[in-house]
Amino acid sequence: VLYAYILVPIWGSKKYAAGLLPPRLMRRISLTVVTAVSVAFAANVLALLQQTMIFFSVDAVTAITGGLWQVVRIGSRSGDMWNARAFFLLLIALAQFGAWYYWQRKPRFVRSFLTAQVWAAALLIGTQAVNSHAAGALVWPWVAVTNHWLHALAVAFWVGGIAALVLILPVALAPYADEARWQALRPVIRRFSRYVLG
């Protein structure tokens, strides 16, 4: 979201065909995405292992060696959502690979691949909402799940956006001196703050 709706509208330039941002910044954004997807995949695997351990009341070794994790993955709603999360993580990873693949071949496609990651990530967060406490609501559970999903999206944008800014801004602002840094940073912070306020 930071790339597609904050940085490109503010700093985007057609002179950078691949992604509309300077290559040093695009490399940092790509590294951030790859790191985030890797951590999310590891967390997803640990979540499946934890669910298996709780469901069968066994230790981690038994859950893995006994194949009990497959029972949870295939035979429970938690497993269904795990499969959906894995699918959306794979889509995000494929979109990142597509951005790399087309970097030199068709640089104008890079922005589309990176923007597609936003929508896959929103659906990924939605899988968490389906298994949340909101799903147990006695009145209008889908309203509760939708509300939980929107709340999780807002938190992901806010906290994730701040984390991404912390990782990306040093690289983005490195070529500028003090006053020029502030001039480049001000519109980004202003636009990000408007989104966060919403």
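The values are calculated or read from the model by the stated rules, or taken from the named source; none is laboratory data. If you're wondering where the values come from, they're calculated on a predicted model, not measured in any experiment. When we count neighbours, we look across all protein chains shown, and the Cβ atoms used for this are built from the backbone with ideal geometry, even at glycine. Note: areas computed on protein heavy atoms with side chains; ligands, DNA, RNA excluded. Shrake-Rupley method; radii C 1.70, N 1.55, O 1.52, S 1.80 Å.
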Revision key, fill the gap. Counting as exposed only trypsin sites (Lys or Arg not before Pro) in DSSP loop states with no more than 15 other Cβ atoms inside 10 Å, the longest exposed-site-free span of the chain is 16-107
Review point. To the nearest 500 deg cm²/dmol, what mean residue ellipticity at 222 nm is calculated for the chain from DSSP H runs of n ≥ 4 alone, each contributing -39,500 (n - 2.57), summed and divided by the residues?
Key: -27000 deg cm²/dmol
**Study point:** the stretch 95-146-the stretch 28-88 distance, computed between alpha-carbon centres (Å)
**Key:** 18
Check your understanding: Projected area of the stretch 107-150, taken from the Cα convex hull and averaged over every viewing direction, in nm²?
Key -> 3.0
Exercise for review: Put one equal scatterer on each alpha carbon of the stretch 78-138, apply the Debye formula with no solvent term, and list log10 I(q)/I(0) at q = 0.12, 0.23, 0.26 1/Å to two decimals.
Suggested key: -0.38, -0.84, -0.96
Review point. Which whole-number percent gives the relative contact order of the chain, counting Cα pairs below 8 Å spaced six or more residues apart?
Key: 25
Review point. With every protein chain present, what accessible area does W149 have (1.4 Å probe, heavy atoms only), rounded to the nearest 10 Å²?
Key: 80
Review point. In percent, how large is the relative contact order of the stretch 16-123, given Cα pairs closer than 8 Å and 6 or more residues apart?
Key: 31
Exercise for review: Can you tell me the alpha carbon radius of gyration of the stretch 30-97 divided by the globular rule-of-thumb value 2.2 N^0.38 Å?
Suggested key: 1.22
Review point. Where in the stretch 1-43 is the amide nitrogen less than 16 Å from a point lying 7 Å along the Cα-to-Cβ axis of F109?
Key: 17-20
Check your understanding: How large are Rg and Dmax for the stretch 1-118 when only the alpha carbon atoms are used, in Å?
Key -> 18.6, 58
Revision key, fill the gap. Expressed in µm² per second, the diffusion coefficient of the stretch 98-198 from the Stokes-Einstein equation, with Rh the Kirkwood radius over alpha carbon pairs, at 4 °C and 1.567 mPa s, is 79
Revision key, fill the gap. With every protein chain in place, the accessible area of I64 for a 1.4 Å probe, in Å² rounded to the nearest 10, comes to 100
**Study point:** Inter-probe distance in nm under a simple model that places probes 7 Å from Cα toward Cβ, at L167 and L123
**Key:** 2.3
Practice item. With only Lys, Arg, Asp and Glu charged, each at its Cβ (+1 for the first two, -1 for the last two), find how big the charge dipole of the stretch 64-198 is about the Cα centre; round to the nearest 20 debye. Key: 400
Review point. For R191 and L90 in the same chain, what is the full-extension length gain: residue separation times 0.36 nm, less their Cα-Cα distance, in nm?
Key: 33.4 nm
Revision key, fill the gap. Restricting to Cα pairs under 8 Å and 6 or more apart, the percent relative contact order of the stretch 118-198 works out to 22
Review point. Over the Cα atoms of the chain, how large are the radius of gyration and the largest Cα-Cα distance (Dmax), in Å?
Key: 19.7, 62
